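Asker: Handing you this structure, nothing more for now.
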Amino acid sequence: MDITLVQGDITEQRVDAVVNAANSSLMGGGGVDGAIHRRGGPEILEDCRKLRASHYGKGLPTGQAVATTAGRLPARWVIHTVGPVHSASEDRSQLLASCYVESLRVADELGARSVAFPAISTGIYGWPMDDAARIALDAVRQAHTSVEDVRFVLFDRAAYDVFESRI
Ligand code: AR6
């Protein structure tokens, strides 16, 4: 598996699957989630609504992942995963690692070979970038997957530099 780092906007990535740092409602939000729904258009939300109705009445649990169409994004699928909110009192790193592992498992089911990840939980959910980068890179490196190209798309230079120092 090749792991590459890109500084930029995940909605512009030409990959088989783009991972969304969603929330358990699957109904959209800010950050990456807002950008993906804005650029991808209403088809994505429509698929999310269907998933809520058919499988996730109580919402998608933290650490799990599920796929929808990518709408107008230059990708085939969006894989929505729910990162944990960072906690100073409780170690939730297994849940964060699970987001990466489960997203790759869903990617395998779809037959996706290239996947773009944002730095899950490092925005609104408050996870320190350095710790999140360590967990993300370890999880992806250890995953058993047929995905050949994993791309971490870091929104700003500071995040890119943190990932680069750990790769
Ligand atoms: N491309 C790549 N990275 C981005 C982009 C983008 N277009 N926009 C933001 N980032 P966040 P979370 C970076 O807040 O912490 C939503 O409301 C951002 O700088 O998107 O998992 C959901 O609905 C940060 O480093 O996700 C949930 O309620 C990283 O992406 C909640 O936020 C993740 O930031 C999830 O919070």
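Asker: Checking V150 against (1) crowded, with 22+ Cβ neighbours inside 10 Å; (2) within 13 Å of the ligand (Cβ to nearest atom); (3) touching a residue at least 60 places away in the same chain (Cβ under 8 Å), which test does it fail?
Answerer: (2)
Asker: So A116 fits all but one of (1) buried (at least 18 other Cβ atoms within 10 Å of the Cβ); (2) under 17 Å from G59 (Cα atoms); (3) within 13 Å of the ligand (Cβ to nearest atom); what number is the exception?
Answerer: (2)
Asker: Going by the structure shown, is I135 more than 11 Å from the ligand (Cβ to nearest atom) and either of a type in the set (V, I, T) or open to solvent by less than 50 Å² (accessible area, probe 1.4 Å) (or both)? Walk me through how you get there before you give the answer.
Answerer: On the way: more than 11 Å from the ligand (Cβ to nearest atom): yes; either of a type in the set (V, I, T) or open to solvent by less than 50 Å² (accessible area, probe 1.4 Å) (or both): yes.
Criteria met by I135.
Asker: Under 8 Å between Cβ atoms, which residue pairs at least 6 apart in sequence (or on different chains) link something in segment 112-129 that is free of Cβ contacts under 8 Å to residues at least 60 places away in the same chain and among the hydroxyl-bearing types (S, T, Y) with a partner that is more than 6 Å from the ligand (Cβ to nearest atom) and open to solvent by 10 Å² or more (accessible area, probe 1.4 Å)?
Answerer: Close Cβ pairs satisfying both conditions: T122/P128; T122/M129.
Asker: For a quick check of your reading: which strands (runs of 3 or more DSSP E) sit entirely within segment 51-167 and have at least 2 residues that are among the hydroxyl-bearing types (S, T, Y)?
Answerer: Counting at least 2 such residues, we get 65-69.
Asker: I want to confirm something. Restricting to segment 1-20 and keeping residues that are open to solvent by less than 10 Å² (accessible area, probe 1.4 Å) and of a type in the set (S, T, N, Q), which single residue is farthest from the ligand (Cβ to nearest atom)?
Answerer: N20
Asker: Taking only segment 21-42 into account, find how many residues are of a type outside the set (G, A, S), open to solvent by less than 20 Å² (accessible area, probe 1.4 Å) and near the ligand (Cβ under 8 Å from one of its atoms).
Answerer: 2
Asker: Here's something else I'd like to know. Inside segment 85-94, can you point out the residues that are surrounded by fewer than 19 Cβ atoms within 10 Å (Cβ to Cβ) and free of Cβ contacts under 8 Å to residues at least 40 places away in the same chain?
Answerer: Answer for segment 85-94, where residues must be surrounded by fewer than 19 Cβ atoms within 10 Å (Cβ to Cβ) and free of Cβ contacts under 8 Å to residues at least 40 places away in the same chain: S87, A88, S89, E90, D91, Q94.
The values are calculated or read from the model by the stated rules, or taken from the named source; none is laboratory data. Treat the numbers as computed from the prediction; the structure is a model and nothing was measured. We place every Cβ from the backbone using ideal geometry, glycine too, and count neighbours over all the protein chains shown. In case anyone asks, the SASA skips ligands and DNA or RNA and just uses the protein heavy atoms, side chains included. Shrake-Rupley method; radii C 1.70, N 1.55, O 1.52, S 1.80 Å.
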